[in-house]
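The values are calculated or read from the model by the stated rules, or taken from the named source; none is laboratory data. Predicted model only: the values in this text are computed from it and were never measured. Note that we place each Cβ from the backbone using ideal geometry, even for glycine, and neighbour counts take in every protein chain shown. These area figures cover heavy atoms from the full protein model, side chains too; ligands, DNA and RNA do not enter into them. Shrake-Rupley method; radii C 1.70, N 1.55, O 1.52, S 1.80 Å.
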Amino acid sequence: MSSDSLPSLTRQDSDVIIDDEGELKKCVRPDYEFHRFIQRFTESNWFNGIIMVTIVLNALVMAIETGDELKVQYRTVFVTCDGLFLGIYTTEFILKIYAEPVKYFYSSYNLFDFTVLVISFIQILLGQMQTVNGPNLNALRTLRALRTLRTLRTVSFVKGLQVLVNALIDTFRNSVFNVILLLLLLMFLFAIMGYYFFGYKEEHSDRENWGNLQAAMMTLFTFVTVEGWTDMQMELDKLGEGSRIYTVIFIILGHFIFTNVFIGMIIMNIHEATEAYRREQMIERELTIQRKKEYMIRRQHEEVRQMLEKQSQGHYKDFYDMVKEFQRTLRHDDYAISVDLATSLTWIEAYITTLEHQDNTMFRLQQLHFEMCNLLSMVLEKKLKERYGL
């Protein structure tokens, strides 16, 4: 059996069964229509818009809840809103699981959404246990603070944010680890040197900032970020003039070189991710146009076939009526199949050049005809004068 005759099988809409003759059969699930409706609904812009509005409102409510007076005065309202938001998130999870029970867990963003939902339910469970068994404030406070992760679910619905997040993750996964490792080695080296230069001596030393390896590493981190390093340098100036050479060398290496390398890697990965996203969008648009063109061609072929059948059965008076009926079925948004038409730039250029040659030829033929007529008229005039002696 050819591949064209195989039945089309969609994702989780049917199961494939092979009968005794080796033929493929499609077993349609009982809730096929409802399942397809839920799939289209969860992938629609309306559904994503509702979830986005819910996330924004949830963030606003959590921001307002930080006010002590409002939290005490409208405690019931905040609890009700939190339950409402949690109900919407739970409904979203149930619908997506029903639409894609296996493919749902293939997406890292869906896993993140599921984790946030589980944390919310654990918070409610601990809250109920607190009222029964006594306070467990540390765990409950931590879970309430983790509710803010709900706002990060915005990344799941904005493709541009996903591109940036993926670029950052790829940067940390592939390149940044090596840069951070080199920076830590550099900081370790200079921390040991700084300990012996500025923190080793019993007198005239800065034990607070350079007295041990941990303190020296934190001081060098201040130099890397170049935030407040001038105050550190003022303390070092009291220990000797050579400290400025030490500081300048480390800032050049730790800040200007490693920081710029880190930023350059992020920019390169973001650029590559953006270009890949644009290519994917272009491919998706081309596939969508191709599917629409194929559907339009099949529809027109079917309509032509039906009209030919009606013509053979005598439902039309003549061919003109059949064409008029076909014209009514055409839509203004139908695609024109450019591969079947001579509409390429090369063809148009050749056609225009041909028209110019044709006009030039017609002009020369007209001139030639004019000269021929003029010559014939002169010959006729000469013969008439000879005949009549004029």
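What the table below lists for this structure:
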| quantity | calculated |
| --- | --- |
| Any chance LEU183 is out of contact with any Ser or Thr (no Cβ under 6 Å at 6 or more places or on another chain), more than 19 Å from ARG244 (Cα to Cα) and not acidic (Asp, Glu) | yes |
| Selection from the range 170-196 of residues that are exposed (fewer than 14 other Cβ atoms within 10 Å of the Cβ) and of a type in the set (Val, Ile, Thr) | ILE180, ILE192 |
| Filter pass, LEU186 being touching a helix residue (DSSP H, G or I) at 6+ places or on another chain (Cβ under 8 Å), under 20 Å from ASN260 (Cβ atoms), in contact (Cβ under 8 Å) with a residue 24 or more places away in the chain and among the aliphatic types (A, V, I, L, M) | yes |
| Candidate set from the range 197-214 (those that are open to solvent by 100 Å² or more (accessible area, probe 1.4 Å), assigned to a helix (DSSP H, G or I) and modelled with pLDDT under 85); member that is nearest to GLY240 (Cα to Cα) | PHE197 |
| In the range 53-68, residue modelled with the lowest pLDDT [restricted to those that are open to solvent by 90 Å² or more (accessible area, probe 1.4 Å) and assigned to a helix (DSSP H, G or I)] | ASP68 |
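Conditions (1) surrounded by fewer than 12 Cβ atoms within 10 Å (Cβ to Cβ); (2) farther than 30 Å from PHE177 by Cβ; (3) out of contact with any His (no Cβ under 7 Å at 6 or more places or on another chain); (4) of a type in the set (S, T, N, Q), marked per residue:
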position: TYR277; (1), (2), (3), (4): no, no, yes, no
position: ARG285; (1), (2), (3), (4): yes, yes, yes, no
position: ILE289; (1), (2), (3), (4): yes, yes, yes, no
position: ILE297; (1), (2), (3), (4): no, yes, yes, no
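Quick grid of which residues meet (1) surrounded by 12 or more Cβ atoms within 10 Å (Cβ to Cβ); (2) in a helix (DSSP H, G or I):
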| position | (1), (2) |
| --- | --- |
| ALA216 | yes, yes |
| VAL224 | yes, yes |
| THR230 | no, yes |
| LEU236 | yes, yes |
| GLY240 | yes, no |
| TYR246 | yes, yes |
| ILE251 | yes, yes |
| PHE256 | no, yes |
